[in-house]
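Encoded as structure tokens, the structure appears first; notes follow it.
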Amino acid sequence: MDKRIPVVVIRELSETNHILSALKNYGIECAEITFRTACAEDAIKLAVKNFPEMYIGAGTVINAEQCERALAAGAKFIVSPGLSESVAKICKEKNVPYYPGCVTPTEIMQALELGITTVKFFPANIYGGLKAIKALSAPFPQVKFIPTGGIDQNNLEEYLSCDKIFAVGGSSFVEEALKAYEK
């Protein structure tokens, strides 16, 4: 499995097929489509319909209402910049992976109490990166991390070499895929 999770911001629905085609052509079979734009829900629907072989999720989901809309659109996983108990509850009920943003021991403990053992570490470059993840892994050996923020080709292998990394997220993967696709 490719451990890159591209963070995709779709500003206009018409971009969806182009961006996902570029990702697929680049060897990336998943996408976290952020819920930051007015067309995010429709972009997820379109992505799920036109790219059924790809693992399409919703990112930047910050409340229960967005979570319900993302899941109704066909999202296969949910990512949040922080931890939302209401989103965690919905995802657990619907058996959908939920990756909340957790960067402190308290947040990680809250995630563990909700049965979550894989968390987004965001923004990784601001909260200490791999050094912080390794330090947090000592008291939380059962936790896997998805660092996002500041991950690119310069540090990708360093992150992926750590056994506590489930995957890495970032918008840089979208940029790289588009450059390669448009050549």
Residue hits (the range 36-59; within 14 Å of LYS76 (Cα to Cα) and open to solvent by less than 60 Å² (accessible area, probe 1.4 Å)) are GLU41, ALA43, ILE44, LEU46, ALA47, VAL48, PHE51, MET54, ILE56, GLY57, ALA58, GLY59
If I filter the range 90-97 for residues that are closer than 26 Å to LYS144 by Cβ, among the polar types (S, T, N, Q) and open to solvent by less than 20 Å² (accessible area, probe 1.4 Å), do I get at least one hit? no
Quick count over the range 26-61, residues being of a type in the set (Asp, Glu) and more than 14 Å from the chain's Cα centre (by Cα), is 3
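Going by the structure shown, is SER86 open to solvent by 50 Å² or more (accessible area, probe 1.4 Å) and touching a helix residue (DSSP H, G or I) at 6+ places or on another chain (Cβ under 8 Å)?
Numbers: open to solvent by 50 Å² or more (accessible area, probe 1.4 Å): yes; touching a helix residue (DSSP H, G or I) at 6+ places or on another chain (Cβ under 8 Å): yes.
In short, yes.
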Flagged in the range 98-120 as open to solvent by less than 30 Å² (accessible area, probe 1.4 Å) and among the β-branched types (Val, Ile, Thr), in numbering order, are VAL103, ILE108, ILE116, THR118, VAL119
Scanning the range 151-181 for residues that are open to solvent by 40 Å² or more (accessible area, probe 1.4 Å), acidic (Asp, Glu) and within 18 Å of GLU29 (Cα to Cα) gives ASP152, GLU175
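Does PRO123 meet the test of being farther than 16 Å from CYS30 by Cβ and open to solvent by less than 80 Å² (accessible area, probe 1.4 Å)?
Details: farther than 16 Å from CYS30 by Cβ: yes; open to solvent by less than 80 Å² (accessible area, probe 1.4 Å): yes.
The answer is yes for PRO123.
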* Asked: Would the range 123-141 turn up any residue that is modelled with pLDDT of 95 or more, part of a loop (DSSP other than H, G, I, E, B), hydrophobic (A, V, I, L, M, F, W, C) and touching a helix residue (DSSP H, G or I) at 6+ places or on another chain (Cβ under 6 Å)?
  -> yes
Per the filter on the range 142-177, residues closer than 13 Å to VAL7 by Cβ and not in a helix (DSSP H, G or I) are ILE146, PRO147, THR148, GLY149, GLY150, ILE151, ASP152, ALA167, VAL168, GLY169, GLY170, SER171
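The values are calculated or read from the model by the stated rules, or taken from the named source; none is laboratory data. Bear in mind that the values here come from a model prediction, so they are computed numbers and not experimental data. Using ideal geometry, Cβ is built from the backbone for each residue, glycine included, and neighbour counts are taken over all protein chains shown. Surface areas here come from the heavy atoms of the whole protein model, side chains and all, with no ligands, DNA or RNA. Shrake-Rupley method; radii C 1.70, N 1.55, O 1.52, S 1.80 Å.
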